[in-house]
Amino acid sequence: MPQNKDVRFTSSSIKLPLFSPPPLHPHNTPNPFLHFILQNFPKFTHPFHQNGEKIQTLFKFPHPKFNPQNAILEFLTKRRNINPFSWNLPNTTTPLLCCASIALSSNLDTPKTGNEERVLISEVLVRNKDGEELERKDLESEALNALKACRPNSALTVREVQEDVHRIVSSGYFCSCMPVAVDTRDGIRLVFQVEPNQEFHGLVCEGANVLPARFIEDSFRDGYGKIVNIKRIDEIISSINGWYMERGLFGAVSGIEMLSGGMIKLEVSEAEVNNIAIRFLDRTGEPTVGKTRPETILRQLTTKKGQVYSMLQGKRDVDTVLAMGIMEDVSIIPQPAGDTGKVDLVMNVVERKSGGGISAGGGISSGITSGPLAGLIGSCAIYHKNLFGRNQKLNLSLERGQIDSIFRINYTDPWIEGDDKRTSRSIMIQNSRTPGTLVHNQPDGSLTIGRVTAGIEYSRPFRPKWNGTAGIIFQRAGARDDKGSPIIRDYYSSPLTASGNTHDDMLLAKLETVYTGSGDPSSSVFVFNMDQGLPVWSEWLVFNRVNARARKGLAFGPMRLLLSFSGGHVVGNFPPHEAFAIGGTNSVRGYEEGAVGSGRSYVVGCGEVSFPLMGPVGGAVFADYGTDLGSGSSVPGDPAGPRRKPGSGYGCGVGIRVDSPLGPLRLEYAFNDQRTGRFHFGVGLRN
């Protein structure tokens, strides 16, 4: 957090002798009650007075060297399942700062109530320390209203007088109170000689580097020009401490003093981070040698030296380190940094057993709609997640299906060394074969599109929840028949390449912007990407393609409304198989994949209401609509025309959702506007 240097005032202390009341001696006091009062009630002083060093001291922690952060740190190092912010300062027993330390002289030996002598009091008055009337009648009323036992024409004990003295000082307006008994012809007059607190005229704040100046000023604003009330000061201190606790910051008010001229000095202690160390542990909790470089972990942390330590920020740092994917467990332990009032942070990390390995799995391709093993894909991969101890990733993977095949080599550096913007770099080489039936479905057999791709991309966050990507990608793409032979025209004699050759070459400049909310299904997602073909060689394709999609979820009690939208457009000379295909599980349900249309432009919208049924099972009702905006005929060769694709269509239906580790499993049945129905199965939320 930025440091606050606005709250800084200057003032000076004035040494004044303490007030001493006129001496009264027992031999001048004929009444034994008066004698007992004088012996046991010397001037009752609130602990504002500190041997004349300062006029008043409103509040000090019990320990002169007490550091509030040490109390927090001592708490945090103990394993307890309670809120780490619910800590109390040692030796404090009441929130009322002043009255917690009020006590009569230790020489007072108060007899038990049953044996105490009662003396009739004829009159009760409140006067200033000189025995004169108070200038402010409101203060006199405050003192009189605080009395409970001491009333005119009442018989009192010493204990009852003592308790009322406590009540007067506890009202918060007075720094001292001395009961004086005077024998008059009408009886005994009990006079409470009080010394009001000063009027508040200014503030000196020290140590508040992150506490906003406006917050401090607003807290004290209503007290300017008024008598200082200790109860109000207690509320202000609680408010300031609450500000720190709400933000998880190690900070608290450590002292308040009353200076001359009505100035209040506020002392705040904030525990700054002194040092951050990484400690590697094995699974038994014993120290070990780590494979990851400490600087690779430290650069992930937003907590830095010199900052006031925030537990909330520390928790986010723990989550960030865990998200690297190479740690099993991460924790932060704050420790006192000697007597400096700062904290040292020790991050304990347990690395995963192995940074590399072999994996295998399976999946479903939505582009294959026929055959005994339609859509099933098997995969295997060899990977290393912590290359060179720098959290760099290397992955070699192979996916193989009935028609699909993808071989990919991918290297990723999540954070380029020397960069302060968290820029990542990814280098990719890929050889793939995917179904071409989305645009060019063949009645006499399958058609595949082969692509050889190589590229490099750079990505970094540029605002909270926003991420940007830029890159250069070379691609060579061409069509093949079911025997693997290159072809340049489909069954309807429509061209399969833009150049007329067996393959198209293109160099694409890529830009992408992604916004992601909290990750919850109700959060928002927005993706915008653009590909621009660069005319490096005369035969390379030149075109511009933009695509955008958005998703927004709204919760209505147990039900959720999910709205999604996608759209795109292509300008220039582009391969026909790159046309936007409309229809299918992630497009318009009720239609086969790509059966609605294939065009230069498209728009697809979806509305879906989901609701819980039983445990992890939920239900859904949905409606989809998609259109190519009349652009189907502008695609080279017009592949949609001979296949009698309508160009627009809608579908609606019902479905079941099952929560799983892979994401929501979706089984749906939908009718389209052609009055035909179709089952759909998918994994995860709609794109």
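The values are calculated or read from the model by the stated rules, or taken from the named source; none is laboratory data. Remember, it's a predicted structure, so these values are computed and weren't measured experimentally. Don't worry about glycine lacking a Cβ; one is built from the backbone with ideal geometry, like all the others, and counts go over all protein chains shown. Protein only, heavy atoms only, side chains kept; ligands, DNA and RNA dropped before computing areas. Shrake-Rupley method; radii C 1.70, N 1.55, O 1.52, S 1.80 Å.
Here the condition is being within 17 Å of Ala181 (Cα to Cα) and touching an Asp or Glu at 6+ places or on another chain (Cβ under 9 Å); of Glu123, Glu132, Glu163, Glu140, it holds for Glu123 alone.
Among the candidates Leu345, Leu387, Leu376, the residue that is at pLDDT 90 or above, in contact with a Gly (Cβ under 9 Å, 6 or more places away or on another chain) and closer than 30 Å to Arg433 by Cα is uniquely Leu387.
How many residues does region 386-436 contain that are touching a residue at least 60 places away in the same chain (Cβ under 8 Å) and either within 27 Å of the chain's Cα centre (by Cα) or farther than 19 Å from Thr292 by Cα (or both)? Final tally of qualifying residues: 7. Across region 385-439, the qualifying residues are those that are among the basic types (Lys, Arg) and farther than 30 Å from Gly584 by Cβ, and the one among them that is most open to solvent (accessible area, probe 1.4 Å) is Lys421.
Considering only residues that are outside any loop (DSSP other than H, G, I, E, B) and of a type in the set (S, T, N, Q), which ones fall in region 157-177? Hits for region 157-177 are Gln162, Ser170, Ser176.
Val126 - would you say it is open to solvent by less than 70 Å² (accessible area, probe 1.4 Å) and touching a strand residue (DSSP E or B) at 6+ places or on another chain (Cβ under 6 Å)? Yes; evaluated as a whole, the condition is true for this residue. Residue pairs whose Cβ atoms lie under 8 Å apart, separated by 6 or more positions or on different chains, with the first residue in region 298-324 and closer than 20 Å to Gly242 by Cβ and of a type in the set (Val, Ile, Thr) and the second part of a loop (DSSP other than H, G, I, E, B) and open to solvent by less than 10 Å² (accessible area, probe 1.4 Å), are Val308/Phe250; Val308/Ala271.
Return the residue satisfying two criteria in turn: it lies in region 566-605 and is among the aromatic types (Phe, Trp, Tyr) and touching a Phe, Trp or Tyr at 6+ places or on another chain (Cβ under 9 Å), and of such residues it is surrounded by the fewest Cβ atoms within 10 Å (Cβ to Cβ). Can you show your working first?
Of region 566-605, the ones among the aromatic types (Phe, Trp, Tyr) are 574, 580, 591, 602.
From the residues that got through so far, the ones that are touching a Phe, Trp or Tyr at 6+ places or on another chain (Cβ under 9 Å) too are 574, 580, 602.
Values: Phe574: 22, Phe580: 29, Tyr602: 27.
Residue satisfying both the conditions and the ranking: Phe574.
Among the numbered conditions (1) over 17 Å from the mean Cα position of the chain (by Cα); (2) modelled with pLDDT of 85 or more; (3) surrounded by fewer than 16 Cβ atoms within 10 Å (Cβ to Cβ); (4) in a loop (DSSP other than H, G, I, E, B), the only one that Met324 does not meet is (3). The lone criterion from (1) assigned to a strand (DSSP E or B); (2) touching a residue at least 60 places away in the same chain (Cβ under 8 Å) left unmet by Asp329 is number (2). Checking each residue in region 665-681 for being farther than 17 Å from Gly607 by Cβ, in contact with a Lys or Arg (Cβ under 9 Å, 6 or more places away or on another chain), in contact (Cβ under 8 Å) with a residue 24 or more places away in the chain and not basic (Lys, Arg) picks out only Phe681. Tallying residues that are aliphatic (A, V, I, L, M) and in a loop (DSSP other than H, G, I, E, B) within region 584-604 yields 3. Is it true that Ser518 is more than 28 Å from Val658 (Cβ to Cβ), in a loop (DSSP other than H, G, I, E, B) and without any contact (Cβ under 8 Å) to a residue 24 or more places away in the chain? No, not satisfied.
Only residues that are modelled with pLDDT of 90 or more and either more than 20 Å from Gly455 (Cβ to Cβ) or in contact with a helix residue (DSSP H, G or I) (Cβ under 8 Å, 6 or more places away or on another chain) (or both) were counted in region 494-519, giving 11. Please name all residue pairs, on different chains or six or more residues apart, with Cβ atoms under 6 Å, provided the first residue is in region 486-511 and is farther than 18 Å from Gly641 by Cβ and part of a strand (DSSP E or B) and the second residue is open to solvent by less than 50 Å² (accessible area, probe 1.4 Å) and charged (D, E, K, R). Listed pairs, sorted by first residue: Ile487/Asp481; Leu508/Asp531; Lys510/Asp531.
Within region 577-604, residues that are in contact (Cβ under 8 Å) with a residue 60 or more places away in the chain and over 12 Å from Gly647 (Cβ atoms) sit with their Cβ atoms under 7 Å from residues that are aromatic (Phe, Trp, Tyr) and not in a strand (DSSP E or B), at 6+ positions apart or across chains, in these pairs: Gly584/Tyr591.
The C-beta contact set for region 238-254 (first residue within 18 Å of Asp344 (Cα to Cα), second residue of a type in the set (D, E, K, R) and open to solvent by 10 Å² or more (accessible area, probe 1.4 Å), distance under 6 angstrom, 6+ apart or interchain) comprises Gly251/Glu270.
Conditions tested, residue by residue: (1) over 46 Å from the mean Cα position of the chain (by Cα); (2) modelled with pLDDT of 95 or more.
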position: Tyr650; (1), (2): no, yes
position: Ile656; (1), (2): no, yes
position: Arg675; (1), (2): yes, no
position: Val683; (1), (2): no, no
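Inspect region 289-296 for any residue being aliphatic (A, V, I, L, M), closer than 23 Å to Asn209 by Cα and touching a strand residue (DSSP E or B) at 6+ places or on another chain (Cβ under 7 Å) and give the result as yes or no.
No, region 289-296 contains no residue that is aliphatic (A, V, I, L, M), closer than 23 Å to Asn209 by Cα and touching a strand residue (DSSP E or B) at 6+ places or on another chain (Cβ under 7 Å).
Consider Lys510 carefully, then state whether it is charged (D, E, K, R) and farther than 30 Å from Gly615 by Cβ. Answer is yes for this residue. Here Thr469 clears all of (1) open to solvent by less than 40 Å² (accessible area, probe 1.4 Å); (2) hydroxyl-bearing (Ser, Thr, Tyr); (3) part of a strand (DSSP E or B); (4) touching a Gly at 6+ places or on another chain (Cβ under 9 Å) except the condition numbered (4).
Here is a yes/no grid of residues against (1) small (Gly, Ala, Ser); (2) under 20 Å from Ser564 (Cβ atoms); (3) modelled with pLDDT of 95 or more; (4) open to solvent by 70 Å² or more (accessible area, probe 1.4 Å):
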| site | (1), (2), (3), (4) |
| --- | --- |
| Gln475 | no, no, yes, no |
| Pro521 | no, yes, no, no |
| Trp537 | no, no, no, yes |
| Asn547 | no, yes, yes, no |
| Lys552 | no, yes, no, yes |
